[in-house]
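Heads up: the structure comes next, in structure tokens.
No value in this document is a laboratory result; all are computed from the given coordinates. Please read all numbers here as calculations on a predicted model, not as lab measurements. As a convention, Cβ positions derive from the backbone with ideal geometry for all residues, glycine included, and neighbour counts pool all protein chains shown.
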């Protein structure tokens, strides 16, 4: 169906004219009510949405037809005994001229198309040229190469099924959900799933089609947010009250997403669940309510899947702590844990017990109990979906809305217990947990606690992937053990996408990022023939800058340092070659940046660091114990001046505070985020 040409006015009118209370009240359970709603909605969608016309291949242009005839004639002349040299030379010249004309027309069409690179057609062309998206390649399975998508789907189904527990876990007792449990705040399901609440959530959906097992995709749901909010309010409220989840919400289509390693190996993929969009809306509203009541109970050292927390905030925190401990004690040991298929191995009964310990209303827990039971999945590879499905007896669905929050609640007691060990520091991003200390006894106690917790919570550790990083010249090289086996010592460890080395200078990571950015820049220049500087600027910002800028806030580099110059080198070379391509005279680096409307890598990194510091101060980003590092000046004339409380250490705050104080020296009141960003643009030079 062509959803862009749907008559949404008439569709909304027809949906709103129905008496949904009467239609749904006669049905016995939430599942039948949802099926009836989808049936009526699908009929109305088909009525008001025209079918999408089948794409017809456009006939070749006149020049291409002439070129084909000329080449055919040229081939015949070459084998003909009566062909003269003049005829062959004349026809060869005609072929060259026609080829040049066709190449010119392609170049003009490309330039016209790419004048607006944000359009879907232009994006599609860019993606094809750069090959940034690709399907699942051939798989190497049991000594043979598998190319068929249906066979790949069957292989992935078996591989993903092995990630889960083979039967329901019964050694834990689920909470008794029928008994009342006191809650910190009164709960009314009518308020939770009021039509205006649902409409507000629907309007936040992305304006694209997305995945849907029925005809109502994200685009249509958003366009019909007001009219469908009433029937959804009835269905959602009934689902929560009855603790009954519609059957279709328990079925997931899983797509394999490559993690790392050989893409031909099925074990190097993670399963991402595609679920019903209406289920996602229900989960989002419910999870937002749970977060309001439970956010203060979650460990402050957990940075994953939570508002105002990110990889950057986690990395800045741990690197700052590393440097302070090294400055004070001279040595530090860091242990990185790896849980084996953590999201897929969570036992449901124990998870429900832990939800009850957070004082989550029993009605919510009962709904999640039904939501997690009797789930199944099938696998989709490219455009082929395996007809068979497999049951799921454990885990939280990866790719769902509630899955990440459920996992954070499940693992939270481990972080709280680790925090109670003296001189032990922790940091977590979902299941990526690291503990570090200058005292070997504290670190070994933390290792034992994690190992015992993993065993008692039926969430196995991958001992071979648990690694130790030793920091500091005075490190005593103490040997740590996990379940009686020595932990593997690594010279470098990748943590949240950043390669950590003992010197904490990130030189290996920066060199690898620059190498990848240069490769992508070269690919861009080889793939396009446009002479529009703005287009090349757009491509660099979209496809190269994210490689160079990921978590760059932790790089405290002097502008004249070799690593800073190395990070800048990619943009220097790209800007020079771009202007050559566009027939613009050679100019200085700063002038090239102005022509391309790009700020230097140093400028962008410094601005990102200052904005992150602003977010820390304003509470828009999370940094535990910020008051032990910095505080605002008490002077009313300089309200944004910061005072550093640990002057002996060399870290993020000691690097950025002098620059911050110089920029805000003449500021008489605390600036809003937009005002502060404007101040940075005027205070930091483009280069």
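Per-peptide packing, taken as the mean over residues of other Cβ atoms within 10 Å, places 467-479, 663-675 in the sequence 467-479, 663-675 from highest down.
Oblate is the label for the chain, because a/c, from the alpha-carbon gyration tensor with a ≥ b ≥ c as root eigenvalues, is 1.5 or above and a/b does not exceed b/c.
Packing-based ranking of 396-407, 486-497 yields 396-407, 486-497, ordered from highest to lowest mean Cβ neighbour count within 10 Å.
Provide 572, 605, 56 in ascending order of the number of other Cβ atoms located within 10 Å of each residue's Cβ, fewest first.
Ordered by Cβ neighbours within 10 Å, fewest first: 56, 572, 605.
Placing a label point 7 Å from the Cα of residue 458 along the Cα-to-Cβ direction, the residues of the range 361-396 whose backbone N falls under 11 Å from that point are 393-395. Calculated FRET efficiency, residue 247 to residue 129, Cβ-Cβ distance, R0 = 60 Å: about 0.85 to the nearest 0.05. Go ahead and estimate [θ] at 222 nm for the chain from helices alone: -39,500 (n - 2.57) per DSSP H run with n ≥ 4, summed, over the residue count, rounded to 500. The helix contribution divided over the chain gives -16000 deg cm²/dmol. Ranking of 637, 82 by neighbouring Cβ atoms within 10 Å, starting from the fewest: 82, 637.
Note on residue 307 and residue 203: their simple-model spin labels are 1.8 nm apart, each label 7 Å out from Cα toward Cβ. Where both bridge residues fall in the chain, DSSP classifies roughly 85% of the beta bridges as antiparallel. Computed over the chain, relative contact order equals 13 percent, with contacts defined as Cα pairs under 8 Å that lie 6+ residues apart.
Ranked by the mean number of other Cβ atoms within 10 Å of their residues, highest first, the peptides 142-151, 1-10, 525-534 fall in the order 525-534, 1-10, 142-151. Legend: ranking of residues 226, 86, 307, 578 from fewest to most surrounding C-beta atoms inside 10 Å; resulting order 86, 307, 226, 578.
Tell me, what is the FRET efficiency for residue 683 and residue 272 to the nearest 0.05, using R0 = 45 angstrom and their Cβ-Cβ distance as r?
Computed FRET efficiency for residue 683 and residue 272 comes out at 0.60.
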